[in-house]
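Notes follow once the structure below has been shown.
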Amino acid sequence: MDPLEESAVWNRAAGEPGPDSRSGDRALAAVITFDGLVNNGGLAHACDVLSSDELAAAEQGYRYLRLPDVADIVMDARSLSTDHPADDEVFQLLERRLDELITNDTIDNQFRGLLYERPYDFAPVSTADLAEQQRHWDETQRLLGDLLNQKGSTDPTGR
């Protein structure tokens, strides 16, 4: 599987996995959602915003990605209440543990490993998905080129 296909699978999970999604797609989607909320508002925020079913899916998603220690943190956080001040300290402790376990590449690396090991856990990438991913890739390359050209320019307008 090439990087374009990997990105298409990831981006599909980051949006709406769709009716043809498979176990890997659903696990990745739940983890991406949970991780994004934690990164933007903290562990307590993620637990406050997500439903019980969504938190259970995140826990199972981390287990699918072979991150059982992270799944255990989600499980422990699910038993806490954001309405009880006494739980604030526990949320903070769990979040520190989570920060130790998850680096910028942890989820991505686990996803890529499983995508190669168990490709049938993920829905096939359609031609339309690949075309869309290629458009995104081309646009990103164009923008990066524009930025690099502006940086090297002595004209403050970037011309």
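Here, each number is a calculation from the coordinates, and none is a lab measurement. This one's a predicted model, so the numbers in the text were calculated from it and none came from an experiment. Note: ideal-geometry Cβ built from the backbone for every residue, glycine included; neighbour counts use all protein chains shown.
When the chain is modelled as a GNM with alpha-carbon springs shorter than 10 Å, which of 63, 142, 78 fluctuates the most?
Maximum among the listed residues: 142.
Over the chain, what relative contact order in percent results from Cα pairs under 8 Å that are six or more residues apart? Write down the numbers at each step before the final one.
Details: 135 pairs, mean separation 42.4, N = 159.
Worked out over the chain, it gives 27 percent.
Can you tell me the 0 to 90 degree angle between the C-alpha axis of helix 106-117 and the longest principal axis of the chain, rounded to 10?
Approximately 80 degrees, to the nearest ten.
Taking a ≥ b ≥ c as the square roots of the Cα gyration tensor eigenvalues, with a/c under 1.5 meaning rounded and otherwise prolate when a/b beats b/c, else oblate, which class fits region 30-117?
Note, shape of region 30-117 comes out prolate.
For the chain, with equal point scatterers placed on the C-alpha atoms only and solvent neglected, what are the log10 I(q)/I(0) values from the Debye formula at q = 0.16, 0.17, 0.20 1/Å, to two decimals?
The computed values of log10 I(q)/I(0) come out as -0.90, -0.97, -1.17.
Test of understanding: ordering 50, 43 by Cβ neighbours within 10 Å, fewest first, what list do you get? Please list the in-between numbers first.
Numbers: 50 19, 43 26.
Ranked by crowding around the Cβ, least crowded first: 50, 43.
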